[in-house]
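The values are calculated or read from the model by the stated rules, or taken from the named source; none is laboratory data. Owing to the predicted nature of the structure, the values given are computational and were not obtained by experimental measurement. Glycine gets a Cβ as well: all are built from the backbone with ideal geometry, and neighbour counts include every protein chain shown.
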Amino acid sequence: MALIFHRMVSVEDALNLVRENLGRIGPLGVEEVGLIEAPGRVLAEEIYAKVDSPPFDRSTVDGYAVDAKDVYGASESEPACLTVSGKAEVGSIPTAEAGGRRCVETATGAPLARGANAVVMVEYTKRVGDKVYVYKPVAPGENVSQTGSDITAGDVVIRKGKVISPSDIAVLAALGYKSVKVYRKPRVAVLSTGNELVEPGQPLSHGKVYDVNGYAITAMLREAGADAEFFGIVPDDYQALKQRIEHGLREYDVVVTSGSTSAGFGDAIYKVFAEHGAVVVHGLKLRPGKPTVMAVSRGKLLVGLPGFPLSAMMVFLNVAKPLISKMCGIEESDRFTLIKARMAYRMDVGKGVRELMPVQLVETEDCLVAYPIVLGSGSASAITMADGFVEIPEDKQYVEEDEVVDVKLLSPLFRPHPLNVIGSHCPGIEVLLQASGLTASKVVTVGSLGGWRALKRGEADICGTHLLDEETGKYNVHMPKKMGLEGLVEIYRGYVRRIGLLVKKNNPKNIRSMADLTRKDVVFVNRLRGSGARTLIDKLLREAGVTKPEDTIKGYTYEAKTHTAVASAIAQGRADVGVAIEYVADIYGLEFMPLGEEIFDFVVRKDRLKKATVRRFLEALSSEAFRSGIQSLKGYAILPETGQRVYG
């Protein structure tokens, strides 16, 4: 029988249960390392200054060390004349003295001579034999770095628990430290489970997926400060899992697995964990991340992450990382930097489970806007695309459009992007960004209509669109009136891309037209409502006499979000036919039957034309780099008016 989840618990309760069963969670030991090995390690001792820095009064310029009163009143017309009594060089103690109308020639960094309290820059002097004429006065202490002005002996300069940075190494070296005491890194064994997993670099057969979690979680552990080692892929076999985890518990402080954590018939992690110790968590009140297992065995921690990549990474960040950080010696009071943002549109959420919603942040003139990344827990790219995530409590049913939310940043170094391109997905946009040198721009895919709405709300600088006006047969120029944006936007001509029916090679179902989609032996894969492709599909179906496609076409209600999703469904046999661009048919080795060409344009708000990045983007449309790049894509072509303004 399949196991049912035990009582699901909140993230806070899960952390408390682990702490109760492990006892105090903290550093696992101390070791001493040299300065070269110290960056990224956590200090296990307070660092006191053993010496002053600098350890002596020294000159900050090339010039002459003087007693300041000897050059009071010096000027271009009446210079002070001093006798050079000797020379002070870097690394040696000066024997000559200053004062009594004497000075000492001094190099930058050299110790200050006895009797001197300032240094005159060489630029304001003229030397004649052993005489120096000074044309500018100095005050006591001028151009002198005094003993201990940087660090005073006896002071605490770096506190215990700090992650050592390269700048800390500079301080340690300046104080004479050759090595420091740091907390021992927790040793973590990582393994991936699943019969469906294939190591990256190997051929990928149908029904298999590349292992993402093993590599991603190992990297995240190392970034968190742990000494993590990836054990590889283990099949869903009880004995194999048991042996690998036994080895991990013998040699490591923590064992982290991914996959095989659900309540399915083949999921074995719960059983293996239970045999090795006490299972303290089996199921979190969290989405994504419900199938999480945590156990304690002989004072060691076992963490079973979900198999879907987004779930695994979100659980790691919110549950596993806080525990690992404490083992590293890092006390994290606030693990995430919070920033306010406004939701781009309404989302159904929560409903009894805490939800972690990855978002992309787009800067407007008066606030940040959060665009949810709705890719599902199986997504491997959501974390990379996301700027942060919104944590939504269990009791919320939905988040309203324009509602202000707290976004937990995945990196405290977040900065708004120089250009926001929001709208329909197209590989041509990447070609254009490369041609314009704007590859750091934010690209948010929400469909053509979603892009127009983002323009209207002031969130998009530029919208990529390919919406057909069925009455005129023209693309995009009808939308400003429809959206109430007349006089507020300009449209620039982009390019054309061929669109058609995609079927398997040799067309085994002999599909020749849109009318064939109503056949009982044909399964169709549709496009998302609001997309340009969906508008074209519905128009062509009406022209073919299909009036109720939802009743007569198998698969009509299944909406693929991208052209590649259409091609993938056909290549994998989940559908027989779909409508997409020729470019993806070529990638997936499918047969392509053209239905026509669609125009992909770029719309820009007039109030954004002053932005340098917007101007660069539009100028790139007419560049040779863009034209050659776009024509290298199968089924793409430029137009005579490419780059020209066609509206506004």
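When the stretch 114-148 is limited to residues that are without any contact (Cβ under 8 Å) to a residue 60 or more places away in the chain and aliphatic (A, V, I, L, M), the one that is farthest from Ser92 (Cα to Cα) turns out to be Val128. The set of residues in the stretch 559-582 that are farther than 21 Å from Val209 by Cβ and surrounded by fewer than 17 Cβ atoms within 10 Å (Cβ to Cβ) contains only Glu559.
Only helices (runs of 4 or more DSSP H) whose full extent lies in the stretch 542-641 are considered here, and the ones with at least 1 residues that are closer than 19 Å to Leu528 by Cα are 549-552, 563-571, 582-588. The residue of the stretch 251-271 that is modelled with the highest pLDDT, among those that are assigned to a helix (DSSP H, G or I) and either of a type in the set (Asp, Glu) or in contact with a Gly (Cβ under 9 Å, 6 or more places away or on another chain) (or both), is Glu251. Among the residues of the stretch 293-318, which ones are under 24 Å from the mean Cα position of the chain (by Cα) and under 15 Å from Asn16 (Cα atoms)? Of everything in the stretch 293-318, just one residue is under 24 Å from the mean Cα position of the chain (by Cα) and under 15 Å from Asn16 (Cα atoms), namely Asn318. crowded, with 18+ Cβ neighbours inside 10 Å, assigned by TED's automatic domain parsing to the domain that holds Gly473 and under 28 Å from the mean Cα position of the chain (by Cα) - does that describe any residue in the stretch 590-602? Yes, because at least one residue in the stretch 590-602 is crowded, with 18+ Cβ neighbours inside 10 Å, assigned by TED's automatic domain parsing to the domain that holds Gly473 and under 28 Å from the mean Cα position of the chain (by Cα). Among residues belonging to the stretch 269-287 that are surrounded by fewer than 21 Cβ atoms within 10 Å (Cβ to Cβ), in contact with a strand residue (DSSP E or B) (Cβ under 9 Å, 6 or more places away or on another chain) and in contact (Cβ under 8 Å) with a residue 60 or more places away in the chain, point out the one that is nearest to Leu356 (Cα to Cα). So the residue we want is Arg287.
Any residue at all in the stretch 305-312 that's in contact with a Gly (Cβ under 6 Å, 6 or more places away or on another chain), touching a residue at least 60 places away in the same chain (Cβ under 8 Å) and under 15 Å from Leu15 (Cβ atoms)? Checking the stretch 305-312: not a single residue is in contact with a Gly (Cβ under 6 Å, 6 or more places away or on another chain), touching a residue at least 60 places away in the same chain (Cβ under 8 Å) and under 15 Å from Leu15 (Cβ atoms).
A count restricted to the stretch 504-526 and to residues that are crowded, with 19+ Cβ neighbours inside 10 Å and in contact with a strand residue (DSSP E or B) (Cβ under 6 Å, 6 or more places away or on another chain) stands at 6. Restricted to strands (runs of 3 or more DSSP E) entirely inside the stretch 383-479, those with at least 2 residues that are surrounded by fewer than 23 Cβ atoms within 10 Å (Cβ to Cβ) are 388-392, 404-409, 442-445. Against the numbered list (1) under 23 Å from Gly648 (Cβ atoms); (2) at pLDDT 90 or above, Arg457 comes up short only at (2). Screening the stretch 509-528 for residues that are in contact (Cβ under 8 Å) with a residue 60 or more places away in the chain and either assigned to a loop (DSSP other than H, G, I, E, B) or of a type outside the set (A, V, I, L, M, F, W, C) (or both) and picking the one that is farthest from His425 (Cα to Cα) gives Lys509. Filter the stretch 146-173 for residues that are buried (at least 17 other Cβ atoms within 10 Å of the Cβ), in contact with a Leu (Cβ under 9 Å, 6 or more places away or on another chain) and not β-branched (Val, Ile, Thr) and give the result. Within the stretch 146-173, Asp168, Leu172 qualify. Output yes when any residue across the stretch 203-211 is at pLDDT below 95 and in contact with a Ser or Thr (Cβ under 9 Å, 6 or more places away or on another chain), and no when none is. For the stretch 203-211, residues at pLDDT below 95 and in contact with a Ser or Thr (Cβ under 9 Å, 6 or more places away or on another chain): present.
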